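Novice: Let me begin by handing over the structure; questions about it come next.
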Amino acid sequence: MLYFAYGSNMDPAQIMERCPEATLVGLGYLADHGLCFPRKSKNRGCGVSSVEPKIGHDTWGVVWELTDTDLSALDRNEGYRHDRDQRQTRTIAEL
């Protein structure tokens with residue numbers, strides 16, 4: 001699966017710790033979206049990055065190829081829950 005990463009998930013060392021089978025594909029951007037920090041991390045005490053629709057703005061990042069196992073590990077690390085209202089979960093942007 002192709003995964004568009006922005007913020008700290010662009011860091012190769014961090015992504016390899018979380019997703020050891022990840023392969024860097026290259027640069028990418030999410031058109032008409034802007035980077036935002038909608039909430040504070042309970043674990044790290046800092047802002048959590050996300051993206052939101054914003055016409056005329058682009059969010060640049062990198063694209064990783066992830067296995068299903070890597071994606072599950074990343075979801076757990078990011079606090080993504082499939083049973084949560086998706087409007088409240090804006091931490092993962094997939095291609």
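The values are calculated or read from the model by the stated rules, or taken from the named source; none is laboratory data. As the structure is a computational prediction, the values presented were derived from the model and not from experiment. Ideal geometry is used to build each Cβ from the backbone, glycine not excepted, and the neighbour counts take in all protein chains shown.
Novice: Please identify the pairs in which a residue from segment 45-67 that is surrounded by 13 or more Cβ atoms within 10 Å (Cβ to Cβ) has its Cβ atom under 8 Å from the Cβ atom of a residue that is modelled with pLDDT under 90 and of a type in the set (S, T, Y), counting only partners at least 6 apart or on another chain.
Specialist: Between residues of segment 45-67 that are surrounded by 13 or more Cβ atoms within 10 Å (Cβ to Cβ) and residues that are modelled with pLDDT under 90 and of a type in the set (S, T, Y), the close pairs are G47/S41; V48/S41; V48/T91; S49/S8; S50/T91.
Novice: Right, something else. Every residue in segment 10-50 that is out of contact with any Lys or Arg (no Cβ under 8 Å at 6 or more places or on another chain) and of a type in the set (S, T, N, Q), please. Before the answer, list the steps.
Specialist: Step one: filter segment 10-50 for residues out of contact with any Lys or Arg (no Cβ under 8 Å at 6 or more places or on another chain), giving 10-31, 35-37, 39-45, 49.
Passing the criteria: Q14, T23, S41, N43, S49.
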